[in-house]
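The values are calculated or read from the model by the stated rules, or taken from the named source; none is laboratory data. Computed from a predicted model, the values in this text were never measured in an experiment. Don't worry about glycine lacking a Cβ; one is built from the backbone with ideal geometry, like all the others, and counts go over all protein chains shown.
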């Protein structure tokens, strides 16, 4: 048995605004705090870092933080970072592509690198759901100005 799960998280969503607007909403801490986090920090360049922070988030009132290095940042096309959604002992990689289309932007997210352990499998399931929720929140924020 491999120590990595042979399965990645994949999401895609159409957001009806220009790629620059979507990219900026994801890579600017003040903007991210408007739709997803509370006190995020982001240095949106390769070699920079991203730190998510949640306070009393959602119905379970989760307070947590996580983050890691920014591996790639090509405005407004691609943003890649690592973080530790399962354990501080290893990082997963999140790749986000912002594709310009006639209707706006298709955001494609892929996360890979979960360990094949009970906690790794649970983290993959939780993040698969969580990324879907996050991209929906991003869509409502940039299309309609709705903040959480």
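A few remarks follow.
- For the range 19-39, the count of residues that are in contact with a helix residue (DSSP H, G or I) (Cβ under 6 Å, 6 or more places away or on another chain), at pLDDT 95 or above, surrounded by fewer than 19 Cβ atoms within 10 Å (Cβ to Cβ) and not in a helix (DSSP H, G or I) is zero.
- Of all residues in the range 60-91, those satisfying the criterion of being in a strand (DSSP E or B) and in contact with a helix residue (DSSP H, G or I) (Cβ under 8 Å, 6 or more places away or on another chain) are 73, 79.
- Residue 28 meets all of the listed conditions (1) under 16 Å from residue 141 (Cα atoms); (2) touching a residue at least 60 places away in the same chain (Cβ under 8 Å) but one, namely (2).
- Residues (closer than 25 Å to residue 75 by Cβ, crowded, with 19+ Cβ neighbours inside 10 Å and under 14 Å from the mean Cα position of the chain (by Cα)) located in the range 101-126: 107, 109, 111
- Across the range 57-66, the qualifying residues are those that are over 25 Å from residue 77 (Cα atoms) and touching a strand residue (DSSP E or B) at 6+ places or on another chain (Cβ under 6 Å), and the one among them that is surrounded by the most Cβ atoms within 10 Å (Cβ to Cβ) is 65.
- Considering each residue of the range 45-53 in turn, at least one proves to be touching a strand residue (DSSP E or B) at 6+ places or on another chain (Cβ under 9 Å), assigned to a strand (DSSP E or B) and farther than 21 Å from residue 141 by Cβ.
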